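One structure below.
Any read-out appearing in this document is the output of simple, stated calculations on the displayed coordinates, not a laboratory observation. Here the structure is a predicted model, which means the values were calculated and not measured. Here the Cβ is made from the backbone with ideal geometry for all residues, glycine too, and neighbour counts use every protein chain on show.
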Amino acid sequence: MKKLISVFLSLTLCLVLFGCTGNTGTTSDPDTGVSDNTVSKDDISDGGEDISYEPDDSVNSDTSETSDETLILPPYISNFVSWAVVSTSLRATDSTSLRLTSVNKPAGFGDIALFTYDYTSHHAEISEGELSDYAVMVAEYDPDAAGVVKTAYYAVGEYTDAVAPEIPDDGFVILAHRAQDTMIKKFSSFDGETALYVAGVQICDVGYSITSVSSPITVDGVVDGEWKSHLIDTIDADNELWTYSNFESGDFYTNAEYYVTYDSDYLYFAVVVSSPYHYCPITAENAGSMWQYECIQVKVSIESPKSDYILTHYDHVVDPTANNEGVVRSYGFAVNDNGETCYYENSPVNGIFLGKAKCVRDDAAQTTVYEVAIPWDEYGADVSELESIGFTFSINSTNETDVKNGTWRNLILRDGGGVIGRNDWAKIPVVTISD
C-alpha cells in the first residue's frame, strides 16, 4: 500500500512540474529584460472577433510557427519612431519610441511597417493581408510643429478601403498588425501636434543635384560670378526643409545662400550667411570649440546616405563605423573676432584638414562668407566614378548675449540634417553628381 501511495505522489509531482513549464506566450532575456517577439494567439487583440489562422497563409516569410498556440513576430530592426525631444540619448526601447519591423516593404503578420515617399507604388498593395488587420497611421509635415505629425489614424478594423492610403511626399504611413497590441497602443495616442522623428530614415526628398566647373574655384572668401550658376538652396523662414532653433518667432534674423560645385580635384562649397551679429572668440588652437559661437558645422559622406552602407551604419551614437572608417567626416569652419579663418576636421583616419578654406566677415554688409574646397583625395575617391555623395551642414548663429544666457541658435536642416541632435547619417541630403 505504501508503495502505491509513493508511486501516486511521484506521478502527481511530475504532472505539476510539467504544467509549470508550459508556454506562457512571452519570454524575457535575463540580461536585458527585453521580451522576445513571441505571441500567443489568445493575446492578439482582435476587437472582439474570432481570428482563424491557416498555417501557410497567416504567417509571412519572416515568421515561423513554433506550436499550435504560439507564433513568432518578425524581429525588430534598428529603425524606430520617437516622439521625444531628439537627442543622443534616444533609444528604440524608450517608452516614447515605436519600434519598427520593416521600412518600405509590404507588411505581413506581426509587422510594424513604415512607408515613405521612396516606396515606388503609392497606391499599390502595401500589405500581404487585409488592411483591416492593421492599425493605420498617416503623418505629414506641419510647419507649425516644424516636423512630421500624425494627421490620420485608424484602429484595427477601421480601415476598410480597397486602396491603401496615399503615402505623403513629406510624411509617412505606418501599418501595425493587430498582433502588435502594445505598440499600437503607443502610436494610437500620438497627439497630432508633436513632431515625430524616424531614426535612420529620410522622410522627404532633401537632396540636391550639382554640376561641375571647368576652371578651379578661387578660395578667397569672395562669392562672385564663378559661383553664379551653382546656387542650390536659399535658407530662410520660408524654406520648410530648414528649422530655426532658439530664435524668437517672427524674428528669424539670419538667412543664407548655399552653393556647391566640383571638379576632378575638389568638392567646393560656399555658404553666405546674412546676420547682424557675429561673435566668435576662438583661435586656431581651440577651433573645436567654435560650435558655441558663429560658425558652420559640416558633414561629408563619400557614400550616398541611401546606400546600404549608410543605412546599416546610420546611427553614430551606437555605431561609429562610418566615422571610424572615414566614410563620414566632420568639419567646422569659422572666422574669429580677429578676422582669422579657423577650422577643424574630426576624423580618426587623419584628423588634419587637407583642403582650402577662407572665411570672411563683413560687418558693414552684415554677411559672413564660408568658402571651402575639400579634396577628393582625402577620401581616396575618383569623382568620375561617383554618382552621389552626402553633404550637409548647420549654421550656428549664437551671439554674445546668447552665450551669456546659455542659448544656442542654429539653422538646422530637417531632423538635424545629420549634424545636430542625433548625428543620424541617413538624414544627410543626397547630392547627385551631374555631368
Sorting C359, V403, Y331 by the position of each Cα along the dipole of the range 309-435 (Lys, Arg +1; Asp, Glu -1; all at Cβ), the one nearest the positive end of that ordering is V403
Give me the extension gain from D169 to W408: residue separation times 0.36 nm, minus the current Cα-Cα distance, reported in nm with one decimal. 82.9 nm
Can you pull out the GluC sites (Glu not before Pro) in the range 227-280 that DSSP calls coil and that have at most 12 other Cβ atoms within 10 Å? E248
Between the range 99-115 and the range 364-415, the alpha-carbon center distance in angstrom: 35
Restricting things to Cα coordinates, could you compute the convex hull volume per residue of the range 250-393 in Å³? 133
Filter the GluC sites (Glu not before Pro) in the range 266-372 to those in DSSP coil with at most 11 other Cβ atoms within 10 Å of their Cβ, and list the result. E285
If you wrap a convex hull around the alpha carbons of the range 360-435, what volume per residue comes out, as a whole number of Å³? 146
Descending principal axes extents, the range 244-316, alpha-carbon based, whole Å: 41, 31, 26
Taking Rh as the Kirkwood radius, which is the inverse of the mean 1/r over Cα pairs, what is the Rg/Rh value for the range 123-203? 0.96
Quick one: Cα centre-to-centre distance for the range 187-238 and the range 258-330, in angstrom? 13
With a/c under 1.5 counting as rounded, go ahead and sort the range 172-278 into rounded, prolate or oblate using the C-alpha gyration tensor (a ≥ b ≥ c being the square roots of the eigenvalues; past the cut-off, prolate if a/b is larger than b/c, else oblate). oblate
